[in-house]
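Here the structure is laid out as C-alpha cells; the discussion comes afterwards.
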Amino acid sequence: MTKKSKADQLNQPASTVARKDAATLREDATVQQALEEIRSHGLGEKIVYFYVVDTEGCLTGVLPTRRLLMSPLKQCISEVMIKRVKTIPADATVLEAYDLLAHYKYLALPVVDEQKHIVGVIDVTMFADEDFEISERERMDKVFESIGFRVSQIRNASPFRAFRFRFPWLMATIGSGTICALLASAYDVTLAKSLVLAFFLTLVLGLGESVSMQSMTVAIHTLRLSRPTLRWYVRALRREVGTAFLLGGACSIIVGLTVWGWRGEGLAAIVIGSSLLFVIFASCLFGLSIPALLHALKLDPKISAGPVTLAVADICTIILYLSLAALLL
C-alpha cells in the first residue's frame, strides 16, 4: 500500500471500517436472561465487551465479559453495567479512533451516531495490520495544522505552490500586527509616561499567545473526539476560567514583583501585573471559543484556528494592556 493510500485510509470515517457484530444486551434484562440470549444467538467473531442498550436501542452502558459471568443470575443488567462509556463518533476518522484507543487504553470502543445508536465497533486488532501503521510524518500533520496548513499540502510542492498555501495565513499575522501597531500609536502618551510599559509589552504579548495556544490545542483535541454542544462549552468554559485564574494570578505576581524589584515603580508593577490577569483570562476564552465557533460554522478548526486565535489574542492584549495603563497611570 502506498503512503498516499495509507493516509487516505487513515482519514476515512471510522464507521466504514468498524465491525458490525457488536454484542448488545438489553438494560432491563437479568443476567440469566442475557446469558440465555447469548447461548441462543451466539457471539460475533471478536467480542471484547457487551454493550447495553435501552428500549430505543440507544447505548446506555458497557459490560465486560468477566463482570457478566461473575454477577448473580437474578441481578438486572442495568445494575451491573458501567454507565460511563467512551465512544467514537460515527464521523470520526480512523486515525482519531486509533488515538482514542491509545489514549483510553481500551481493547475496543463502540462507534455511535448522534442518537447514541451503535453503528459498529473498533478494536485494537484492526490496527495490528501494517496498513494502519502511523508514521511520524502523518503525525506531524497535526503540528502543522495548528499554524495553518498540512504537511501533505506542501510536501514535494513547488516553491510557488508552497507559497500559495502558507502566505494567506501569514497575512493574518501581518494584519493583526499592523492593527496592534496602530493601537499602540494611539497610546503614545501613555507609553511616554512609563517606559517600563514598552519594556514588558513583548512579554505580555508572548504570554497571551502562549495561553491562547494552550487552550486552543485542548479545545481542538476535544472537538476531534466529540461533537460540541452548549453544555460542553459551558463545562469547558468553567474549567478554563478556573485555570485562567490560577495562571493569571501566578504570572501577574511574578511579573509584578519583577517590575517592582527592577525598576522600583510600584504603580507600573500593579498595572502590568493586573493587565496580565485580564489578558490571560481573555486568551483562555479565545483559545476555547474560536475553535468551537469555527467547528459550528463547518470550518476546519485544526487549520484555521491557530492564525485566527493568535491574531485576536494579540489585538485584545494590546487593548487591555494599554487601556489599563492609560486609566491608572
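Surrounded by fewer than 21 Cβ atoms within 10 Å (Cβ to Cβ), closer than 14 Å to GLN214 by Cα and β-branched (Val, Ile, Thr) - does that describe any residue in the stretch 235-244?
Looking through the stretch 235-244, at least one residue is surrounded by fewer than 21 Cβ atoms within 10 Å (Cβ to Cβ), closer than 14 Å to GLN214 by Cα and β-branched (Val, Ile, Thr).
Which of the residues that make up the stretch 300-322 are modelled with pLDDT of 85 or more and of a type in the set (D, E, K, R)?
Passing the criteria: only ASP314.
Kindly indicate which of ALA325, ALA282 is buried (at least 16 other Cβ atoms within 10 Å of the Cβ) and either more than 24 Å from the chain's Cα centre (by Cα) or basic (Lys, Arg) (or both). Steps first, answer last, please.
Working: ALA282 fails: either more than 24 Å from the chain's Cα centre (by Cα) or basic (Lys, Arg) (or both).
On inspection, the qualifying residue turns out to be ALA325.
Would you check if LEU257 is closer than 30 Å to PRO168 by Cβ and touching a helix residue (DSSP H, G or I) at 6+ places or on another chain (Cβ under 8 Å)? Spell out how you get there, then give the answer.
Numbers: closer than 30 Å to PRO168 by Cβ: no; touching a helix residue (DSSP H, G or I) at 6+ places or on another chain (Cβ under 8 Å): yes.
Considered against the rule, which asks whether it is closer than 30 Å to PRO168 by Cβ and touching a helix residue (DSSP H, G or I) at 6+ places or on another chain (Cβ under 8 Å), LEU257 comes out as no.
Take ILE220 and decide whether it is closer than 30 Å to ILE88 by Cβ, touching a residue at least 60 places away in the same chain (Cβ under 8 Å) and touching a Lys or Arg at 6+ places or on another chain (Cβ under 7 Å).
On the way: closer than 30 Å to ILE88 by Cβ: yes; touching a residue at least 60 places away in the same chain (Cβ under 8 Å): yes; touching a Lys or Arg at 6+ places or on another chain (Cβ under 7 Å): yes.
Yes; evaluated as a whole, the condition is true for this residue.
The values are calculated or read from the model by the stated rules, or taken from the named source; none is laboratory data. Since this is a predicted model, take the numbers as computed values, not measurements. Cβ: placed from backbone, ideal geometry, glycine included. Neighbour counts: every protein chain shown.
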